């Protein structure tokens, strides 16, 4: 369960703050440009304007996400004590080895 929680948070945080200029940059720069043109008409905002902020935010998100997972999420879940029996590994049958084209 901790793996699901950290994966969800990682994807959510990584979408907003990452090391590359993605699709969110032009969207945010368009909003910033509209707001700045009220003060300084004719100003243009580059989509890379938040590059350093997003790069620094990536490290911050990684640190906070790791701390929250280890100190809060995993502590509440407790230790997993697997009580199920391991399945035996069996060799594949010839029909199971066939590929999608129906050939062996």
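The values are calculated or read from the model by the stated rules, or taken from the named source; none is laboratory data. This is a predicted model, so every value here is computed, not measured. Here the Cβ is made from the backbone with ideal geometry for all residues, glycine too, and neighbour counts use every protein chain on show.
Could you please find all residues in the stretch 6-19 being surrounded by 15 or more Cβ atoms within 10 Å (Cβ to Cβ) and part of a loop (DSSP other than H, G, I, E, B)?
Within the stretch 6-19, 17, 18 meet the criteria.
Would you be able to say whether some residue in the stretch 26-45 is out of contact with any strand residue (DSSP E or B) (no Cβ under 8 Å at 6 or more places or on another chain), under 25 Å from residue 5 (Cβ atoms) and without any contact (Cβ under 8 Å) to a residue 24 or more places away in the chain?
Applying the first criterion (out of contact with any strand residue (DSSP E or B) (no Cβ under 8 Å at 6 or more places or on another chain)) to the stretch 26-45 yields 26-45.
Going one step further and asking which of them are under 25 Å from residue 5 (Cβ atoms), we end up with none.
No, every residue in the stretch 26-45 fails to be out of contact with any strand residue (DSSP E or B) (no Cβ under 8 Å at 6 or more places or on another chain), under 25 Å from residue 5 (Cβ atoms) and without any contact (Cβ under 8 Å) to a residue 24 or more places away in the chain.
What pairs come up if the first residue lies in the stretch 52-80 and is more than 18 Å from residue 17 (Cα to Cα), the second is modelled with pLDDT of 85 or more and assigned to a helix (DSSP H, G or I), and their beta carbons are under 6 Å apart, counting only those six or more places apart or on different chains?
Sorted first by the residue in the stretch 52-80, then by its partner, the list stays empty.
Test of understanding: among 30, 22, 42, 3, which residue is part of a loop (DSSP other than H, G, I, E, B) and loosely packed, with under 13 Cβ neighbours inside 10 Å?
42
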